[in-house]
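The structure under discussion appears below in the form of structure tokens.
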Amino acid sequence: MLIDSLNKGTDFNRVRRYGKREKYKFVTLSILSTQNDHFRLGFQISKKIGNAVRRNRIRRQIRHLFYEIFEKIVEQKRIKSLWILIYVSPDIDKVNFRDFRSYLYNYFNLID
């Protein structure tokens, strides 16, 4: 399973324009199903959250959750490819990552 980053502005714009939006408390997901054979993640995190150390920590935590989700999706052979853009609100400190994980499992209809 290959997991890449959304790097190009054109990729971000494509996910913003054609992706389906889902909001969970202080995180908004734009999800686009594609014909490729890999998953891609992109992050949009405001500097209002804190310094680079804080932003990167949040990015690592969310990326870890999605790696786990992508592995489950591939195991169940449900979706071949997704591009996901993650918008993180400055109030992210109030999110319990265990609840966010449960939300993602429910959203993608995965069994824990």
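The values are calculated or read from the model by the stated rules, or taken from the named source; none is laboratory data. On a predicted model such as this, the values are computed, not experimentally measured, just so you know. Glycine gets a Cβ as well: all are built from the backbone with ideal geometry, and neighbour counts include every protein chain shown.
All conditions in (1) out of contact with any Phe, Trp or Tyr (no Cβ under 6 Å at 6 or more places or on another chain); (2) over 14 Å from Tyr107 (Cβ atoms); (3) part of a strand (DSSP E or B); (4) among the polar types (S, T, N, Q) hold for Gln44, with the sole exception of (1). Would you confirm, using the coordinates I've provided, whether Asn56 is without any contact (Cβ under 8 Å) to a residue 12 or more places away in the chain, farther than 19 Å from Asp4 by Cα and outside any strand (DSSP E or B)? So Asn56 fails the test. Listed by first and then second residue, the pairs with beta-carbon distance under 6 Å, at least 6 apart or on different chains, first residue in segment 61-84 and under 13 Å from His38 (Cβ atoms) and modelled with pLDDT of 85 or more, second of a type outside the set (Gly, Ala, Ser) and in a helix (DSSP H, G or I), are Trp83/Val15. Considering segment 28-46 alone, what residues qualify as being under 18 Å from Gln61 (Cβ atoms) and either loosely packed, with under 13 Cβ neighbours inside 10 Å or hydroxyl-bearing (Ser, Thr, Tyr) (or both)? Answer for segment 28-46, where residues must be under 18 Å from Gln61 (Cβ atoms) and either loosely packed, with under 13 Cβ neighbours inside 10 Å or hydroxyl-bearing (Ser, Thr, Tyr) (or both): Thr28, Ser46.
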